[in-house]
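Working notes for the structure below.
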Amino acid sequence: MSNPPVKPRLVLIGNGMAGVRTVEELLKIKPDHYDITIFGAEPHPNYNRILLSPVLAGEMTIQEIVLNELDWYKENNIKLHTGKQIKTIDRVKRKVIAEDGTEEDYDRLLIATGSTPFMLPIPGNDLPGVIGYRDIKDTDEMIEAARLHKHAVVIGGGLLGLEAANGLKLRGMDVTVVHLGPWLLERQLDEIAGKMLQKSLEDKGLKFLLETQTEALIQGESGRVAAIRFKGGMQIPADLVVMAAGIRPNYSLAESSGIYCNRGIVVNDTMQTYDPKVYAVGECVSHRGIAYGLVAPLFEQAKVAANHLAGYGIGRYTGSVTSTKLKVTGIDLFSAGEYMGGKDTEEIVLNDPHGGVYKKLVIKDNKLVGGVMYGDTADGPWYFQLLKDKRDIHDIRDSLIFGQSLVGDVGHAGKSKAAEMADNAEVCGCNGVTKGAIVQAIKAKGLFTLDEVKKHTKAASSCGSCAGLVEQILASTIGGAYTPAALDTKPMCACTDHSHKVVREAIVAKNLTSKEAVFAEMQWKTPNGCDKCRPAVNYYLISSHPHAAKDDPQSRFINERAHANIQKDGTYSVVPRMWGGLTTPDELRAIADAAEKYKVPTVKVTGGQRIDLLGVKKEDLPAMWADLNAAGMVSGHAYGKSIRTVKTCVGAEHCRFGTQKSMTMGIKLEKMLFDMYSPHKVKLAVSGCPRNCAEAGIKDVGVIGVDSGYELYIGGNGGIKTEVAQFLCKVTSDEEVMEYSGAFLQLYREEGWYLERTCHYMERVGLDYIKGKILEDEEGRKAYYFRLLDSLKDAKDPWATSREEQPIKQFIPIKLEA
Amino acid sequence: MSNWKLICKLDDIPQLGSRVVQRVTGGDIAIFRNAEDEVFALHDKCPHKAGPLSQGIVHGRKVTCPLHGWNIGLEDGQAVAPDVGSCSKFDVKVENGEVYLAV
Ligand SMILES: Cc1cc2nc3c(=O)[nH]c(=O)nc-3n(C[C@H](O)[C@H](O)[C@H](O)COP(=O)(O)OP(=O)(O)OC[C@H]3O[C@@H](n4cnc5c(N)ncnc54)[C@H](O)[C@@H]3O)c2cc1C
Ligand code: HEM
Ligand code: SF4
Ligand code: FES
């Protein structure tokens with residue numbers, strides 16, 4: 001008797017994008033669980049199939065599109081059989097048999113055999129020179145044909161056909177696209193847009209035969225295809241015929257082994273077939289009756305399959321909305337969701353044939369459900385995000401079609417026109433990353449997600465304000481392969497599959513009061529989280545259970561742990577609070593004394609109307625604070641995801657224009673909010689009249705005095721991309737200013753996700769939603785306001801408590817005499 | 001050859017936290033304690049731009065540098081991929097609740 005196998009065996013049939021992605025996901029969450037064997041019919045390691053188009057166009061090489069080098073298989077102890085096609089699956093003996101007789105036993109089988117091009121059933125479809133467009137072999141054959149022959153015909157004017165035609169043209173062939181429909185991409189575009197597209201492709205030298213049906217392919221003397229004949233008798237020369245008339249899921253192998261198939265291998269929401277030992281992912285699969293032909297949904301399937309193969313049993317695949325982009329350089333076409341429209345939908349269309357721009361948005365129940373863009377696709381990812389988030393758009397409907405920058409809404413998160421940027425343009429100012437470097441990394445390393453780009457290039461990994469731009473670059477580089485995660489389902493970080501939303505809801509609903517409880521209850525994958533999730537969880541805990549949950553200093557970023565800002569040389573900066581930007585000679589004297597006593601190299605006035613002492617040694621912090629406390633000053637929280645400052649103008653106290661006492665109002669607000677932690681930093685400003693010298697229009701809460709009271713504005717931001725605050729309401733008294741702004745900030749504290757600024761929170765939920773909560777529901781508003789005051793009722797100065805309550809050991813270095 | 005020096009009590013280092021050991025020459029050393037009470041010591045200088053690793057967030061057997069977020073392995077001082085770099089590590093041991101460092 002042989003020894004039982006040490007590990008269960010997993011066999012993957014199909015060394016392509018979906019199958020290998022599943023294995024990668026599996027190795028990430030449960031390495032070493034299986035003995036893994038992969039069979040691939042192609043003689044190559046896994047490569048990025050979608051980039052075959054740029055390869056054909058001569059913009060990339062095969063070497064550049066390999067996703068997993070052979071070394072990757074070795075490093076992960078994966079047995080790889082390339083160039084071996086599986087002929088039989090023996091489900092009784094649980095083994096697979098390849099054409100050449102190679103056999104492997106399995107405990108779990110994963111089928112990812114992709115799809116095959118649909119070859120029109122016409123005479124001559126098997127002649128040499130007649131091919132589909134699917135793999136490296138086809139691409140090589142097309143490149144070779146372009147070298148030796150002149151006339152190419154592409155059958156099918158869909159995305160794949162147009163990409164093939166464009167590539168062949170660039171390689172010098174004379175290319176005709178034959179299309180049955182009345183215009184190109186008739187399923188995505190209406191007639192006008194289809195004609196616009198055709199015109200630009202004709203300008204590139206392509207020829208089109210529309211409403212034309214192919215009848216036969218005719219053999220030449222060499223034995224190779226020589227011509228193509230259409231219904232009606234017309235005939236044109238063709239030394240190469242590329243069939244791009246659709247794909248068929250490749251499920252014959254599964255079907256012949258008795259696995260239930262119906263236009264694809266039928267799987268449930270865990271990607272399991274009718275045989276519980278057999279899973280399937282990719283284009284060969286039929287899930288809820290749909291077979292997908294784009295990588296983004298396949299990658300979602302891969303993630304779910306991996307989780308179930310790992311035995312965790314978390315997560316279901318429930319289907320995807322998809323978007324596509326034509327990868328022809330110089331032509332911008334983007335479509336997403338239900339772009340065809342249908343029952344109960346409305347359409348908004350913008351059509352500018354001279355400007356070469358066409359946009360169609362399909363709307364249902366005040367939500368965007370689909371769209372097509374031609375000529376100007378810069379807003380494609382933004383629309384797609386709105387669509388995935390099922391955001392109610394009725395408040396921005398009027399200007400929706402003009403794109404994000406014209407929508408009178410807030411929070412563009414640094415998005416602009418990525419496609420138009422030059423390669424040497426800087427995208428991430430924090431880390432000095434150019435567009436070219438990002439595109440290069442996406443292509444060379446096969447990156448598909450924002451997180452991957454962050455990791456490899458550092459773009460968007462610091463302040464994050466260029467994340468929108470990076471997403472656009474991703475979208476324009478890899479086309480439909482990129483899907484932004486819907487915000488409320490995106491996992492917090494690699495430690496968990498749960499989103500911010502789910503984690504916070506569980507903390508509230510299950511009354512979790514410590515990070516340990518959260519990690520246990522939510523089945524965290526790491527023992528104590530990471531630098532991304534721990535601060536977020538800590539914030540959710542203390543904001544949801546203000547007095548019951550204990551703050552965990554070790555879950556806070558160093559600035560909040562040390563109550564000072566770390567500088568690049570490891571020293572700190574100290575910013576004492578100056579309420580409403582006011583100070584006194586005594587305070588100034590104490591600051592001057594402290595600056596001298598602790599040899600502060602730099603003293604600076606900040607934009608927050610107070611004084612920054614920069615370059616303080618960590619070990620000096622407690623003593624310096626004690627000195628400042630003795631002079632009556634407290635922490636300015638210049639370091640926190642917290643209330644920062646309330647900036648004020650001179651106001652009616654002195655100013656000849658002033659209508660309201662802005663300094664007094666500012667001080668009241670700052671005192672009310674003292675020590676308030678929030679998802680991200682919060683800044684306020686109060687101006688005494690509409691001249692607005694305190695710049696209230698770019699603050700999280702801006703207050704502007706008018707003759708009859710105050711106007712309140714919310715969601716402003718002065719960051720990389722300036723966001724103008726939106727008008728919330730007008731109030732008449734100081735008390736109302738406090739109640740309304742306090743209620744809004746508490747709403748944000750309860751609903752904003754960690755590191756989401758008010759402007760991004762507002763973009764996500766919509767201004768109308770906030771108005772509903774704060775203006776239309778008086779009781780609700782008072783309740784928010786009450787909860788804010790209640791959470792802050794025993795706020796203390798962290799500089800003082802760091803001496804009294806918390807151990808101050810962190811500030812004291814251990815001296816070694818050697 | 002190593003010369004074990006008594007540094008502090010284990011409890012002088014917070015769980016998932018660190019302490020800085022200042023040397024007369026050779027630069028500071030960061031001593032870390034994780035949730036399992038394992039103790040590690042690294043040169044307190046991030047391989048990226050010399051950030052003080054002692055000030056980072058400790059998780060598992062890693063620390064995240066406070067300046068630009070590189071993750072550094074506590075056992076080997078190696079930056080976690082895709083970042084590349086390493087910082088020197090020092091032997092530490094805990095005996096009877098006391099932490100010793102080999103210098
Ligand atoms: C030119 C081109 C451009 C594209 N552009 C885009 C785009 O811009 N955006 C987008 O989202 N998608 C695009 N796609 C589609 C995308 O490439 C596919 O959706 C994706 O590759 C499907 O992944 P898969 O793993 O299901 O199949 P594949 O990647 O095709 O992998 C299946 C593998 O299984 C192997 N196989 C099949 N049967 C067997 C067997 N019996 N034994 C062993 N091995 C077997 C096949 O040889 C193949 O290597 C494009 C496709 C092409 C061809
Ligand atoms: C987008 C990313 C941003 C980052 C990473 C950032 C970072 C910082 C840091 C580290 C400090 C502290 C400096 C010190 O040590 O004292 C600071 C202070 C400050 N920042 Fe920013 N900042 C950002 C955006 C902004 C924006 C958009 C504004 C204003 C419109 C702004 C206004 C200020 C002001 C006024 C201060 C002074 C501190 C105070 O008085 O509280 N910052 N910022
Ligand atoms: S905003 Fe109006 S009240 Fe305030 S300083 Fe300017 S002019 Fe004077
Ligand atoms: S110095 Fe550590 S990440 Fe930059």
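Using helices alone, I'd like the mean residue ellipticity at 222 nm for chain A: each DSSP H run of four-plus residues gives -39500 (n - 2.57), total over residue count, nearest 500.
Working: 25 runs with 249 residues, N = 818.
That comes out to -9000 deg cm²/dmol.
Quick one: if you stick a label point 7 Å off each Cα along the C-beta vector at A:Ser514 and A:Lys79, how many nm between them?
So the label points at A:Ser514 and A:Lys79 sit 4.8 nm apart.
What translational diffusion coefficient, in µm²/s and rounded to a whole number, does the Stokes-Einstein relation yield for region A:323-402 at 10 °C and a viscosity of 1.306 mPa s, taking the hydrodynamic radius as the Kirkwood radius over Cα pairs?
Working: Rh = 12.6 Å.
Answer from the Stokes-Einstein relation: 126 µm²/s.
Given charges of +1 on the Cβ of Lys and Arg and -1 on the Cβ of Asp and Glu, with all other atoms neutral, how large is the dipole of the protein assembly as shown about its Cα centre, in debye to the nearest 20? Mind showing how you got there, number by number?
Details: 111 positive and 117 negative charges, 141 e Å.
Around 680 debye, computed over the protein assembly as shown.
Using a 10 Å cut-off around each Cβ of peptide B:8-20, what is the average number of partner chain Cβ atoms that fall inside? Can you show the working numbers first?
Numbers: counts 2, 0, 0, 2, 4, 3, 7, 3, 8, 6, 2, 5, 9.
Average per residue, whole number: 4.
With each label point set 7 Å from Cα along the Cα-Cβ vector, what nm distance links A:Lys199 and B:Ala81?
About 5.1 nm separates the two model spin labels.
In whole percent, what relative contact order does region A:175-252 give with Cα contacts below 8 Å and a gap of six or more residues?
This gives 24 percent for region A:175-252.
Kindly state, to the nearest 0.05, the FRET efficiency for A:Leu816 paired with A:Asp790, given R0 = 51 Å and r defined as their beta-carbon distance.
Working: r = 48 Å, r/R0 = 0.93.
Working from the Cβ atoms, E equals 0.60.
Express as a percent, rounded to the nearest 5, the fraction of DSSP beta bridges in region A:184-320 (both residues included) that run antiparallel.
Counting DSSP beta bridges with both partners in region A:184-320, the antiparallel share is about 80 percent.
Translational diffusion coefficient, Stokes-Einstein: compute it for region A:130-245 using the Kirkwood radius over C-alpha pairs as Rh, at 25 °C and 0.890 mPa s, and state it as an integer in µm² s⁻¹.
On the way: Rh = 14.2 Å.
Approximately 173 µm²/s, per Stokes-Einstein.
Roughly what angle does helix A:191-203 make with the longest principal axis of chain A, taking Cα atoms, 0 to 90 degrees, to the nearest 10?
The angle comes out at about 70 degrees.
Taking Cα atoms, how many degrees apart are the long axis of helix A:662-672 and the longest axis of chain A, rounded to 10 and kept between 0 and 90?
In chain A, helix A:662-672 runs at an angle near 80 degrees to the longest axis.
Can you tell me which of A:139-149, A:346-356, A:386-396 comes out highest on packing, and rank the rest after it, using the mean Cβ neighbours within 10 Å? All intermediate terms of the calculation are to be shown ahead of the outcome.
Numbers: A:139-149: 16.6, A:346-356: 12.9, A:386-396: 18.7.
In decreasing order of mean packing, A:139-149, A:346-356, A:386-396 become A:386-396, A:139-149, A:346-356.
Between A:Arg187 and A:Gln63, what's the calculated FRET efficiency when r is the beta-carbon distance and R0 is 35 Å? Round to 0.05. Could you put the intermediate results ahead of the total?
Numbers: r = 35 Å, r/R0 = 1.00.
The formula returns an efficiency of 0.50 here.
Report in % the part of the accessible area of the protein assembly as shown that belongs to carbon and sulfur, leaving out ligands and nucleic acids; probe 1.4 Å. Intermediate values should be presented prior to the final figure.
Working: 19620 of 38840 Å².
In the protein assembly as shown, the share of accessible area belonging to carbon and sulfur is 51 percent.
How high is the relative contact order of region A:242-389, in percent, with contacts defined as C-alpha pairs under 8 Å that are six or more residues apart?
Values: 250 pairs, mean separation 20.4, N = 148.
The normalised contact order for region A:242-389 reaches 14 percent.
Among A:Leu361, A:Gly337, A:Tyr374, whose Cα sits farthest toward the positive end of the charge dipole of region A:323-402 (+1 at Cβ of Lys/Arg, -1 at Cβ of Asp/Glu, about the Cα centre)?
A:Gly337
Are there any trypsin sites (Lys or Arg not before Pro) in region A:57-142 that are in a DSSP loop and have at most 11 other Cβ atoms within 10 Å? List them by number.
Working: sites: A:Lys74, A:Lys79, A:Lys84, A:Lys87, A:Arg91, A:Lys93, A:Arg94, A:Lys95, A:Arg108, A:Arg134, A:Lys137; in loops: A:Lys84, A:Arg91, A:Lys93, A:Arg94, A:Arg134.
Sites meeting the loop and neighbour criteria: A:Lys93.
Under the rule a/c < 1.5 gives rounded, and otherwise a/b versus b/c splits prolate from oblate, where does region A:753-818 land using the Cα gyration tensor? Don't skip to the answer; put the middle values down first.
Working: a/c = 7.45, a/b = 2.26, b/c = 3.30.
Oblate, because a/c is 1.5 or more while a/b does not exceed b/c.
What Kirkwood hydrodynamic radius, in Å, does region A:559-630 give when the mean of 1/r is taken over all pairs of distinct Cα atoms and then inverted? Intermediate values should be presented prior to the final figure.
Working: mean 1/r = 0.0812 Å⁻¹.
Final number for the Kirkwood radius of region A:559-630 is 12.3 Å.
Ignore the peptide's own chain and count Cβ atoms of other chains within 10 Å of each Cβ in B:82-89; give me the average, rounded.
1
Can you give the accessible area per residue of chain A, in Å², using a 1.4 Å probe? Can you show the working numbers first?
Details: 34300 Å² over 818 residues.
Accessible area per residue, chain A: 42 Å².
Per-residue HN-Hα couplings for region A:716-727, Karplus 6.51 cos²θ - 1.76 cosθ + 1.60 at θ = phi - 60°, whole Hz, x for Gly and Pro?
In residue order, the calculated couplings are x, 7, x, x, 3, 10, 5, 10, 7, 5, 9, 5 Hz.
Report, in degrees rounded to the nearest 10, the 0 to 90 angle that the Cα long axis of helix A:778-791 makes with the longest principal axis of chain A.
For helix A:778-791, the angle is close to 70 degrees.
At a Förster radius of 30 Å, what calculated FRET efficiency corresponds to the Cβ-Cβ distance of B:Lys49 and A:Glu596, to the nearest 0.05?
According to the calculation, E is roughly 0.50.
With unit charges on the beta carbon (Lys/Arg positive, Asp/Glu negative), name the residue among A:Tyr784, A:Ile611, A:Ser257 whose Cα is farthest towards the positive pole of the charge dipole of the protein assembly as shown.
Among A:Tyr784, A:Ile611, A:Ser257, the one farthest towards the positive end of the dipole of the protein assembly as shown is A:Ile611.
Cross-link candidates for A:Lys325: which lysines have Cα within less than 20 Å, leaving aside residues fewer than 8 places away along the same chain?
A:Lys169, A:Lys195, A:Lys199, A:Lys204, A:Lys359, A:Lys360, A:Lys388, A:Lys415, A:Lys417, A:Lys435, A:Lys443
Given contacts defined as C-alpha pairs under 8 Å and at least six residues apart, what's the relative contact order of region A:323-402, whole-number percent? Display every interim value, and only then the final one.
Numbers: 144 pairs, mean separation 22.6, N = 80.
Over region A:323-402, the number comes to 28 percent.
First check a/c for region A:491-556, with a ≥ b ≥ c the square roots of the eigenvalues of its C-alpha gyration tensor; if it is under 1.5, answer rounded, and if not, answer prolate when a/b is larger than b/c or oblate otherwise.
Values: a/c = 1.68, a/b = 1.25, b/c = 1.34.
Oblate shape, in that a/c is at least 1.5 and b/c is the bigger or equal ratio.
What does the charge count around A:Thr664 come to, taking other residues whose C-beta lies under 9 Å from its C-beta (Lys +1, Arg +1, Asp -1, Glu -1)? Kindly include the intermediate steps, with their values, before the conclusion.
On the way: positive: A:Lys661, A:Lys668; negative: A:Glu653, A:Asp734.
Charge balance near A:Thr664 sits at 0.
For chain A, what ratio Rg/Rh do Cα atoms give with a Kirkwood hydrodynamic radius?
Numbers: Rg = 31.1 Å, Rh = 30.1 Å.
We get a ratio of 1.03 for chain A.
Please compute the modelled spin-label separation between A:Gln567 and A:Lys671, points set 7 Å along Cα→Cβ, answer in nm with one decimal.
Inter-label distance under the simple model: 3.3 nm.
State the percent of C-alpha pairs, over all pairs in region A:675-800, separated by a distance greater than 18 angstrom.
Details: 4077 of 7875 pairs.
Value for region A:675-800: 52 percent of Cα pairs lie more than 18 Å apart.
Could you work out how far the C-alpha centroid of region A:280-307 sits from that of region A:78-154, in angstrom?
19 Å
Give the average, rounded to an integer, of partner chain Cβ atoms located within 10 angstrom of each Cβ in B:50-57. Walk me through the intermediate numbers first.
Numbers: counts 3, 5, 6, 1, 5, 10, 4, 13.
Mean partner-chain Cβ count within 10 Å for B:50-57: 6.
Are there trypsin sites (Lys or Arg not before Pro) in region A:217-312 that DSSP marks as loop and that have at most 12 other Cβ atoms within 10 Å, and which are they?
Details: sites: A:Arg224, A:Arg229, A:Lys231, A:Arg263, A:Lys277, A:Arg288, A:Lys303; in loops: A:Arg224, A:Lys231, A:Arg263, A:Lys277, A:Arg288.
Sparse-neighbourhood loop trypsin sites (Lys or Arg not before Pro): A:Lys231, A:Arg263, A:Lys277, A:Arg288.
Roughly what % of DSSP beta bridges within the protein assembly as shown run antiparallel, to the nearest 5?
Working: 102 of 147 bridges.
If I count the DSSP bridges inside the protein assembly as shown, around 70 percent turn out antiparallel.
Which of the listed residues, A:Gly156, B:Leu67, A:Gly232, is farthest toward the dipole's positive end in the protein assembly as shown, when Lys, Arg count +1 and Asp, Glu count -1 at the beta-carbon?
Positive-end residue among those listed: B:Leu67.
Report, ordered by chain and residue number, the aspartates and glutamates lying within cross-link reach of A:Lys815, taken as a straight Cα distance under 13 Å and ignoring same-chain residues fewer than 8 apart.
A:Glu619, B:Asp28
Sort A:500-511, A:559-570 by the packing proxy (mean of other Cβ within 10 Å over each peptide's residues), most packed first.
On the way: A:500-511: 16.9, A:559-570: 19.2.
Those peptides, ordered most packed to least, come out A:559-570, A:500-511.
The values are calculated or read from the model by the stated rules, or taken from the named source; none is laboratory data. Model, not experiment: these values are computed from the prediction. All Cβ positions, glycine included, derive from the backbone under ideal geometry; neighbour counts span all protein chains shown. Ligands, DNA and RNA are stripped out before the accessible areas are found, and what is left, the full protein with its side chains, is counted by its heavy atoms. Shrake-Rupley method; radii C 1.70, N 1.55, O 1.52, S 1.80 Å.
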